[in-house]
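Take a look at the structure below.
No value in this document is a laboratory result; all are computed from the given coordinates. These figures come from a predicted structure and were not determined experimentally. With ideal geometry, Cβ positions are generated from the backbone for all residues, glycine too; neighbour counts draw on all protein chains shown.
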Amino acid sequence: MMSEFTILGAGVCGLTVAAALHRHGAKVQLVDPAGMPSKHACSWWAGGMLAPECEGATAEPEVIRQGRLAADWWAREGSEVQRKGTLVVALGRDQSELRTFARRVPRAMLLDKSDLSEKEPHLGDGFSKALFVEEEAHLDPRATLQGLLDRLLKDGVTFSFDGSASNGQVIDCRGLAARDRLPDLRGVKGEMLVVRCQDVKLHRPVRLLHPRFPLYIVPRGDGVFMLGATQIESGERSRATLRSVSELINAAYALHPAFGDAELLEIGVDARPAFPDNQPRIRHMQDRVYVNGLFRHGFLLAPKMAEMTADLLVGGRPPEVWYEDYR
């Protein structure tokens, strides 16, 4: 099997594929004309939640099964993984959403007001009950991307801005930019906020159930929180709407009134790459292998997609799921 690879794209997909191939002893070159991981990458704006059980409320069972491997994978790669679970709450008018979520997520444990106050004291006065998924984890996407890239470069993986001199098998991990070759790929727009609020202390990601879009708040430390994210059928990647930003702010205020005085640090916008069924793909077409379509599950599913890609190209074992061979 081939032992030299050029990976196009240095977001979460490209970096994880590079790491998996490198562990198989392959020679790897990363190429991204936009440069090192930064605001141009969709994964830069991710929540970083490794929450397969919660995603299972709307995603296919395979997402849950494969996503359960993510936290251990990131930890093995040297990333800082916070294993503190996920808390799920709903406002009084949306209590039916909480009951529906509990039916769809069997591992969600019901907390009463006392249990909730023990886990998140700052939420105990605002909610009478919640759900808790103990097995889940989260990480800081930006620190994780940069840390993984630094380790790859230290271990001999090369990085280039120019892919004209590709070596070996080309693996296309360009996300939405790969629409020039994957016509069934679409964009799903997400908007998010980064705020600072020293008056709120949260120890773990909190999901506030909402009838229109799933809101989550992820603590980043030092009073900084990521709020996200909308889910709009659009490939537009640069414009946040007043409606979306207002809804995120209002939802955070509903979670805890102190967010009303939060400092707004960033407004982020990007489009997630997705196929029609929102399932990822490893697609072998002519001279390229495409790894794409991670939708809203980038950090959750990229490790498994990377391992399956390495097993295919170095070990000769076709992936068990999400594989299409059009050669």
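Take the Cβ-Cβ distance between Arg243 and Asp311 as r, set R0 to 45 Å, and report the resulting FRET efficiency rounded to the nearest 0.05. Show your work: numbers first, answer last.
Numbers: r = 44 Å, r/R0 = 0.98.
That pair, Arg243 with Asp311, gives E of 0.55.
Starting with the fewest neighbours, write out Ser96, Ser238, Ser160, Ser244 ranked by other beta-carbon atoms found within 10 Å of each beta-carbon.
Ranking Ser96, Ser238, Ser160, Ser244 by Cβ neighbours within 10 Å, fewest first, gives Ser238, Ser96, Ser160, Ser244.
As an exercise, find the ratio Rg/Rh for the range 229-327 from alpha-carbon atoms, using the Kirkwood inverse-distance average for Rh. Walk me through the numbers on the way to the answer.
Values: Rg = 18.8 Å, Rh = 16.3 Å.
Ratio value, two decimals: 1.15.
With charges set only on the Cβ (+1 for Lys and Arg, -1 for Asp and Glu), what does the dipole of the chain come to about its Cα centre, in debye to the nearest 20? All intermediate terms of the calculation are to be shown ahead of the outcome.
Values: 41 positive and 43 negative charges, 58 e Å.
Once rounded to the nearest 20, the dipole reads 280 debye.
Show log10 I(q)/I(0) for the range 1-115 at q = 0.10, 0.19, 0.23 Å⁻¹, two decimals, from a solvent-free Debye sum over equal Cα scatterers.
Debye intensities relative to I(0), on a log10 scale: -0.46, -1.12, -1.34.
Express the Stokes-Einstein translational diffusion coefficient of the range 90-133 in µm² s⁻¹, to the nearest whole number, given a Kirkwood radius over alpha-carbon pairs, 37 °C and a viscosity of 0.692 mPa s.
Numbers: Rh = 10.6 Å.
Roughly 310 µm²/s, to the nearest whole number.
Taking a ≥ b ≥ c as the square roots of the eigenvalues of the Cα gyration tensor of the range 47-128, is the shape rounded (a/c under 1.5), prolate (a/b larger than b/c) or oblate? Working shown, then result.
On the way: a/c = 2.85, a/b = 1.44, b/c = 1.98.
Oblate.
Would you mind ranking Asp172, Asp222, Asp72 by Cβ crowding within 10 Å, fewest neighbours first? Walk me through the numbers before you get to the answer.
Details: Asp172 23, Asp222 7, Asp72 14.
The most exposed by this proxy come first: Asp222, Asp72, Asp172.
If the viscosity is 1.002 mPa s and the temperature 20 °C, what Stokes-Einstein diffusion coefficient in µm²/s follows for the range 53-184 when Rh is the Kirkwood radius over Cα pairs? Walk me through the intermediate numbers first.
Numbers: Rh = 18.4 Å.
Reported coefficient: 117 µm²/s.
Under the rule of -39500 (n - 2.57) per DSSP H run of 4 or more residues, summed and divided by the residues of the chain, what mean residue ellipticity at 222 nm is obtained, to the nearest 500 deg cm²/dmol? Walk me through the numbers on the way to the answer.
Details: 9 runs with 91 residues, N = 327.
Here the helix-only value at 222 nm equals -8000 deg cm²/dmol.
Hey, what's the per residue convex hull volume over the C-alpha atoms of the chain, in cubic angstrom? Before the final figure, lay out the partial values.
Working: hull volume 40.3 nm³, N = 327.
Spelled out: Cα convex hull of the chain, divided by residues, is 123 Å³.
Per residue of the range 83-100, what does 6.51 cos²θ - 1.76 cosθ + 1.60 with θ = phi - 60° give for ³J(HN,Hα)? Whole Hz please, x for Gly and Pro, Karplus curve as stated.
Those phi angles translate into 9, 10, x, 10, 9, 10, 10, 8, 5, x, 6, 10, 4, 5, 5, 5, 5, 5 Hz.
Assuming R0 = 35 Å, what is the FRET efficiency of Arg181 and Asn250, from their Cβ-Cβ distance, to the nearest 0.05?
Working: r = 40 Å, r/R0 = 1.15.
The pair Arg181/Asn250 has a calculated efficiency of 0.30.
Any idea how far apart Arg151 and Lys84 come out in nm if each label point goes 7 Å out from Cα toward Cβ?
Taking the two extended label points, one gets 2.2 nm.
For the chain, build the charge dipole from Cβ charges (+1 Lys, Arg; -1 Asp, Glu) around the Cα centre, then report which of Gly92, Asn167, Ser3 sits farthest towards its positive end.
The residue sitting farthest along the positive end of the dipole is Gly92.
Over 17 Å apart: what share of the alpha carbon pairs of the range 103-162 falls there, rounded to a whole percent?
Working: 1102 of 1770 pairs.
Distances greater than 17 Å cover 62 percent of the Cα pairs.
So, by mean Cβ neighbours within 10 angstrom, what's the order for 31-38, 19-26 with the highest one leading? Don't skip to the end; give the middle numbers.
Working: 31-38: 17.2, 19-26: 19.1.
Listed from highest to lowest mean packing, they are 19-26, 31-38.
Please identify the cysteines of the chain that lack any partner cysteine with a Cβ under 4.7 Å from their own Cβ.
For the chain, the answer is Cys42, Cys54, Cys197, because their Cβ atoms have no other cysteine Cβ under 4.7 Å.
Counting other beta carbons within 10 Å of each Cβ, put Met226, Met285 in order, fewest first. Kindly include the intermediate steps, with their values, before the conclusion.
On the way: Met226 26, Met285 14.
By the 10 Å Cβ count, ascending, the order reads Met285, Met226.
Quick one: Debye curve from the alpha-carbon atoms of the range 130-279 only, equal weights, vacuum; give me log10 I(q)/I(0) at q = 0.11, 0.19 Å⁻¹ to two decimals.
Log10 of I(q)/I(0), two decimals: -0.58, -1.25.
Once each part is reduced to its C-alpha centroid, what is the distance from the range 271-327 to the range 62-122 in angstrom?
First find each Cα centre; the distance between them is then 26 Å.
Which translational diffusion coefficient, to the nearest whole µm²/s, is obtained for the range 123-189 from the Stokes-Einstein equation, given a Kirkwood hydrodynamic radius over C-alpha pairs, 37 °C and 0.692 mPa s?
This corresponds to a translational diffusion coefficient of 193 µm²/s.
Sorted from largest to smallest, which semi-axis lengths in Å does the alpha carbon gyration tensor of the range 187-241 give for its equivalent ellipsoid, taking the root of 5 times each eigenvalue? Don't jump to the answer; show the numbers that get you there.
Numbers: eigenvalues 113, 35, 11 Å².
Three semi-axes, in Å: 24, 13, 8.
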